[in-house]
There are 2 protein chains.
Amino acid sequence: MAKVPELNREDTVFMSGVEQYKYGWKQFISFFKLATDLGIEATGDLFALKKEWGLSMFPIDVHLSMFLNALRSQASEEQLDKWLSKCIGGPIIGTYAQTELGHGTFLRGMETTATFDGVTDEFILHSPTDTAMKWWPGGLGRTANHCLLYARLFIDGLDYGPHAFFVQLRSLEDHKPLPGVELGDIGPKMGWPAIDNGYLKLGRSFLFLFYDLLPWGLTARVQRYADHVRIPRGNMLNKFVKVTREGKYEKPPHAKFNYTTMVMVRTGMVEGSFETLGKSVTICVRYSVVRRQGGSDPGEPEKQILDYKTQQQMVFHHLSVAYAVLFAGKFLRQLFNTFAHRTDDQDFSVLPELHATSAGLKALTTELAAEGAEYLRRYCGGHGFHKFSGLPDLLNDHLPQVTGEGVNPVLYLQTARYLVRQVENVRKGAAIPSTLAYLANYKPNSPGRFSATRPEDLLKPGVLLEAFRHRAARLIFEGAEAVTDLQKKRGLAFEKAIDEVSPDLVTAAKAHGTLFLVNSFIEIISVSFCLFELRYTDGLTFFFSFNFLSSSKHPMSS
Amino acid sequence: MAKVPELNREDTVFMSGVEQYKYGWKQFISFFKLATDLGIEATGDLFALKKEWGLSMFPIDVHLSMFLNALRSQASEEQLDKWLSKCIGGPIIGTYAQTELGHGTFLRGMETTATFDGVTDEFILHSPTDTAMKWWPGGLGRTANHCLLYARLFIDGLDYGPHAFFVQLRSLEDHKPLPGVELGDIGPKMGWPAIDNGYLKLGRSFLFLFYDLLPWGLTARVQRYADHVRIPRGNMLNKFVKVTREGKYEKPPHAKFNYTTMVMVRTGMVEGSFETLGKSVTICVRYSVVRRQGGSDPGEPEKQILDYKTQQQMVFHHLSVAYAVLFAGKFLRQLFNTFAHRTDDQDFSVLPELHATSAGLKALTTELAAEGAEYLRRYCGGHGFHKFSGLPDLLNDHLPQVTGEGVNPVLYLQTARYLVRQVENVRKGAAIPSTLAYLANYKPNSPGRFSATRPEDLLKPGVLLEAFRHRAARLIFEGAEAVTDLQKKRGLAFEKAIDEVSPDLVTAAKAHGTLFLVNSFIEIISVSFCLFELRYTDGLTFFFSFNFLSSSKHPMSS
């Protein structure tokens, strides 16, 4: 990679957005060619390598990741036979069109419709309002010719909620939008300059004025003509769900099948948070060694800024957080792999735990990485404000993770809801997942006692772990109790009660996520056999790669 | 302003850095023309208006602010007569060249030299190393033809430390660098795209190889020839300091005269922090009202996101911080005005208090604004990542304030040193400034008791103020005691002792700064007569302008 001129980011800091988009394509082509020459498939390994090398998003990344993954997990075998070869190295480039201008986190608010037309055996696609416009899909602006469209399925006036559809958007001949398709680039963002995030409106409405000569004179009437987009019935992804020729809806075996792509993306974001934080901290540590400023005895060289206690306090903190996020990501990936493996047998039992854990960890680790990257940038002084340091682009390319795929308060509350329900299970004596064993061991009415008696005790991982467990359990039990109280005493519904104490529940979910990080950290450094591998990637950054035994104990089981 | 097409920022989000630089000039010309037509002088009021309107930095801003201010405060009457008219609307455009590639916060480490040459009655200017290069001056890259150069003054081998010199850099004929001057643009940064921050190297060295035919054969020797930049002796700014024709250095009456521009800039940064935070919070509040997402009863419109408790917790917090920063800035400006007024009579007695207060408040308020702007951006979800929201550029244009003019840990420690010394004064029973009266009232050996006994008490400003005073005083006394202990028991010098406990001292300085904010807030909302003025400036932002009576009590005097 070092030998390919396009595979560096140095020049991109001088480019405009459009230039970076074009350069992104150049980079992808060089990268793909290199991989092909070396016989490496365009899989996860290749993406990891690309990230490690410090390349930003390619315009085609959403096609290669979310589009292909969602297609593979939600299309039937028959559909995959028909489409997949055209999507891999073929003419089809897709994007993932879920978020709308007015609808992000709250999926059920989605407005785009797919109405089954029994006469023609088609779905009619329509964006009924401006807020129904698809907004943000990466690659939609200039790149993609197809998409996986998420739209509410209507059959005979009945609303079946959001489903996924395989939709062609642009001509494969001249790349022009197909009739009834209006799309384009949404414009410049804070980061991801090479990604052409786009908007999409399906179906146009025209108003026609008709004049009718009636016995009592000339009257005018307005008639609406809708030029909607139509796709064959077979374009609904139907690995789990189906609409028959007669318009019968066949239910999925498990209502949550739609969440697979979501938990996969969130798991990837936890891992990505380490990438951001690990690189930022590496740059800042090295800068702190090289940079000298003030504080020396006369005649001596100035002091390395890493020798200042204020610098150490900040740099070492984020250095340890980076490792904690790395380790937590490894354990989360194990949980995801377990889930993914079992779905092949239609076993979704791990999903609630995975969904709750990945939601809270996505929120926590993306925030920790954003905070760390910004502080580490600041602790390089003015030089961290300069793009040549690499830090501004590391941060800006990370920031979409913080708000994307669910804003963090909403994600924390998803975790909190799950935790509140697990408290119920603990009280009933029902089984709870191993990551929540500490809740079963918690005694709500005995406050417990911090086991440290001397300052040195604070260096013992067990003492710290106990304190983090206590904090998380106390906050979760208090939150659960508050919710129960509001339900019983004020007669609130579960969701209203959750909302009423939501700031406290967010705190509880953060405490649980932090415990997961602390636990992962302690588990790896004290128990597992680690293989540390130090790799030198380029002039600026070192990278550590950890390959620990996959048999290591799950970190939260106590 | 609304009628002038160039005076909006909407189009700039699509521009490259070079295009934004050019557009910045267009904007400045339109803006200046408008002001001239309206008979408004290019003073502080005009700049405030420009900021309020949401325009970014102009390429000429460093000339109009730091360069002209420093010139006015450090040049003699005679020098001003000679130069000022050429600097205002004339051919001279200057910049402020202090920071070097290797030397920011630690002024004494500066490497650029100005050596007095008694033979020609000139100063010889030289950048002896690469780290001595001036780095960051705004406008230096492409705009300025002059600068105020900060360089160590040498006379007869004696080092008199940094002094300011008026130096021409580029030809007034063809804008080409003068002989011996090497300069250019330092390249792209995270924000301020229209500012051409630059580098500057003064003087070139050549090595010549000479062959000498001597009786014992041919020998080679290397001789260094230096093509340094020379300026007349009269180009050293000498309102306070002078070098005579005979090379005699005449000392300034007060050693700290150099800090005037610095405290002025820091005071401006506190005010600027409100601009950033005030605008960000305005955008986020309005978005939170307009945006609806989830959480509704069936059949009802979705809930306004401002009705979520988690949104309120964040938005209202930063809303109140914005006001606190605004009020603190007003009081700091009063203190600065008092100082500036007295310097005319060579009275610098307010400087230590102003220096310490402005350092800590610069650090605290720039951090609060950066944190607030980033969180408010996130709480607009994905839309806050889009440049059209205005939030990314508000944040990026604010970030240089966080690290510029002294990185924040260093500034907190400047405040802490002052506070530690004031504790000594309290112990000796000496007079202390009114902003520190609470230290005199603190009783180190009686822990005190929080006066709130019921939850409602927490709503009383007096109760909160007492708690914030107690916290700040306790931390400052503990820090001072730790420093004294290290000096007495371990024999450390003052500076070494400060460094040893620096993280705790930063905490103490933050507590003092936070008290200043809390105090200013309570003072204004409860005592002063305020004139609230609501102004509608453009489609996106409302702006409040407070004109409170300048006779209001200083907030920290108790």
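Ascending distances from the B:Gly90 label point to its copies in the other chains, with the point 7 Å along the Cα-to-beta-carbon line: 7.5 nm. In terms of distances greater than 24 angstrom between alpha carbons, the cross-link table entries B:Lys26/B:Lys86; A:Lys428/A:Lys489; A:Lys3/A:Lys86 yield A:Lys3/A:Lys86.
To the nearest 10 degrees, how steep is helix A:502-526 against the longest Cα principal axis of chain A, on a 0 to 90 scale? Approximately 60 degrees, to the nearest 10. Computed on the range B:237-356, the Cα convex hull volume stands at 117 Å³ per residue. Take the Cα coordinates of chain A, assign each an equal point scatterer, and use the Debye formula without solvent to give log10 I(q)/I(0) at q = 0.07, 0.10, 0.12 Å⁻¹. The Cα Debye sum returns log10 ratios of -0.49, -0.95, -1.29. Angle check, please: helix B:351-378 long axis (alpha carbons) against the longest principal axis of chain B (alpha carbons), in degrees 0 to 90, nearest 10. In chain B, helix B:351-378 runs at an angle near 60 degrees to the longest axis.
The alpha carbon centroids of the range B:447-478 and the range B:4-64 are separated by 46 Å.
With the charge dipole of the range B:245-332 set up from +1 on Lys and Arg Cβ and -1 on Asp and Glu Cβ about the Cα centre, the Cα lying farthest toward the positive end among the listed residues B:Met262, B:Thr276, B:Leu332 is that of B:Met262.
The relative contact order of chain A comes to 11 percent, based on Cα pairs under 8 Å that sit 6 or more residues apart. Diffusion of the range A:373-514 by Stokes-Einstein, at 4 °C in a medium of 1.567 mPa s and with Rh set to the Kirkwood radius over alpha-carbon pairs, works out to 73 µm²/s. The charge dipole of the range B:46-132, taken about the Cα centre with unit charges on the Cβ atoms of Lys, Arg (+1) and Asp, Glu (-1), comes to about 460 debye, rounded to the nearest 20. The alpha-carbon of A:Lys248 sits under 16 angstrom from the alpha-carbons of these aspartates and glutamates, leaving out residues fewer than 8 places away in its chain: A:Asp117, A:Asp121, A:Glu122, A:Asp156, A:Asp159. Extension gain, B:Ser205-B:Ser434: 0.36 nm per intervening residue step, less the Cα-Cα distance, totals 77.0 nm. What shape does the range B:1-103 have by the C-alpha gyration tensor, where a ≥ b ≥ c are the square roots of the eigenvalues, rounded means a/c under 1.5, and otherwise prolate means a/b greater than b/c and oblate the rest? Oblate. Close amide H pairs (under 5 Å, H built 1.01 Å from N) link B:Leu237 with B:Ala164, B:Phe165, B:Phe166, residues at least 5 positions away or on another chain.
Within a straight-line Cα-Cα reach of under 17 Å, B:Lys251 can be paired with the following lysines, leaving aside sequence neighbours fewer than 8 residues apart in one chain: B:Lys239, B:Lys242.
Here the sum of -39500 (n - 2.57) over DSSP H runs of 4 or more residues, divided by the residues of chain B, equals -15000 deg cm²/dmol at 222 nm, to the nearest 500. Scaling against 2.2 N^0.38 Å puts the C-alpha radius of gyration of the protein assembly as shown at 1.03. Give the cross-link partners of A:Lys279 among the lysines, using a straight C-alpha distance below 18 Å as the criterion and excluding same-chain residues fewer than 8 apart. Of all the lysines, those that pass the test against A:Lys279 - Cα under 18 Å, at least 8 places apart if same chain - are A:Lys50, A:Lys51, A:Lys330, A:Lys387.
For the range A:308-355, the Cβ-based charge dipole about the Cα centre amounts to some 420 debye (Lys, Arg positive; Asp, Glu negative; other atoms uncharged).
Taking all protein chains together, A:Val325, A:Val410 sort by accessible area into A:Val410, A:Val325, largest first [probe 1.4 Å]. Taking amide H as placed 1.01 Å from N in the peptide plane, A:Val350 has no amide H partner under 5 Å among residues 5 or more places away or on another chain. What residues qualify as long-range amide H neighbours of B:Thr95, i.e. H under 5 Å apart, gap of 5 or more or another chain, H built at 1.01 Å from N? Amide H neighbours of B:Thr95, under 5 Å, 5+ apart: B:His146, B:Cys147, B:Leu148. A:Arg471 label point (Cα plus 7 Å toward Cβ) to equivalent points in the other copies: 1.7 nm, shortest first.
Label-to-label distance for A:Phe388 and A:Leu178 is 5.0 nm, based on points extended 7 Å past Cα in the beta-carbon direction. Evaluate Rg over Rh across the range A:148-302, taking Cα atoms for both radii and Kirkwood's formula for Rh. Ratio of gyration radius to Kirkwood radius: 1.27. Specify which residue in the list A:Ala437, A:Phe385, A:Ser451 is farthest towards the positive end of the charge dipole of the range A:327-482, using unit charges on the beta carbon of Lys, Arg (+1) and Asp, Glu (-1), about the Cα centre. Value computed over the given set: A:Ser451. Remark: label point of A:Val18 defined 7 Å out from Cα along the Cα-Cβ vector; separations to the same position in other copies 1.4 nm, ascending.
So if I take the centroid of the Cα atoms in the range A:100-118 and the same for the range A:270-318, what is the distance between those two points in Å? One Cα centre to the other: 48 Å.
For the range A:60-135, the Stokes-Einstein estimate of translational diffusion at 4 °C and a viscosity of 1.567 mPa s comes to 91 µm²/s, using the Kirkwood hydrodynamic radius over alpha-carbon pairs. Projecting the Cα positions of B:Ile92, B:Gly24, B:Ala2 onto the charge dipole of the range B:1-132 (unit charges on Cβ atoms of Lys, Arg, Asp and Glu, taken about the Cα centre) puts B:Ala2 furthest along the positive direction. With respect to chain B, whose longest principal axis is taken over its alpha-carbon atoms, helix B:259-290 is tilted by about 40°. Of all chain B residues, the one whose Cβ lies closest to the rotation axis that maps B onto A, given with that distance rounded to whole Å, is B:Ser16, 2. Dipole magnitude for the protein assembly as shown: about 1840 debye, using +1 per Lys or Arg Cβ and -1 per Asp or Glu Cβ, origin at the Cα centre. Report which residues of the range B:388-425 become buried by 50 Å² or more of accessible surface when going from the isolated chain to the complete set of protein chains (1.4 Å probe; DNA, RNA and ligands ignored). For the range B:388-425, once contacts with the other chains are taken into account, B:Thr403, B:Pro409 lose 50 Å² or more.
The values are calculated or read from the model by the stated rules, or taken from the named source; none is laboratory data. Just so it is clear, the model here is predicted, and its values are computed rather than measured. Cβ atoms come from the backbone with ideal geometry, glycine included; neighbour counts cover every protein chain shown. Note: accessible area is taken over every heavy atom of the protein model, side chains too, but ligands, DNA and RNA are not part of it. Shrake-Rupley method; radii C 1.70, N 1.55, O 1.52, S 1.80 Å.
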